[in-house]
Amino acid sequence: ASQMPFEDGHFDAVFLFDALHHIVEWRKAIGEVFRVLKSGGIFSFEDAVISKSPLYLNDFLRHVPFGVSGMLEELERTGFKIEKYHKVPLLPYCFVRAVKSGGR
């Protein structure tokens with residue numbers, strides 16, 4: 001996910017389901033999604049927002065912890081416009097719909 005074999009601007013949409021928190025280089029993966037999307041393309045995903053575990057559960061489950069604010073900031077820094085964000089109450093899951101704005 002952090003180095004996709006597709007041309008720039010190849011896809012109209014990219015969807016991820018419960019995957020980003022398993023990618024060590026998740027920031028780079030967001031950049032790759034941006035790269036392979038056409039201008040105006042949609043990045044829609046559902047993911048677990050997992051904090052650091054003092055019990056090493058992240059290592060055991062192969063989860064990469066990241067916070068909501070860091071994830072949303074990275075999307076915007078990369079060039080995405082966040083159209084919709086929804087955090088599931090009482091659970092560590094969120095849904096995001098972002099659009100590739102401008103070129104990078």
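The values are calculated or read from the model by the stated rules, or taken from the named source; none is laboratory data. As the structure is a computational prediction, the values presented were derived from the model and not from experiment. All Cβ positions, even for glycine, are placed from backbone atoms using ideal geometry, and neighbour counts span all protein chains on display. For accessibility, only protein heavy atoms count, side chains too; no ligands or nucleic acids. Shrake-Rupley method; radii C 1.70, N 1.55, O 1.52, S 1.80 Å.
Taken over region 13-38, the criterion of being assigned to a loop (DSSP other than H, G, I, E, B) and either in contact with a helix residue (DSSP H, G or I) (Cβ under 6 Å, 6 or more places away or on another chain) or open to solvent by less than 20 Å² (accessible area, probe 1.4 Å) (or both) is satisfied by Ile23 alone. Checked against the criteria, Phe45 does not count as surrounded by 15 or more Cβ atoms within 10 Å (Cβ to Cβ), in a helix (DSSP H, G or I) and modelled with pLDDT of 80 or more. For region 60-101, the set of residues classified as among the small types (Gly, Ala, Ser), open to solvent by less than 60 Å² (accessible area, probe 1.4 Å) and either modelled with pLDDT under 95 or assigned to a strand (DSSP E or B) (or both) consists of Gly67, Gly70, Ala98, Ser101, listed by residue number.
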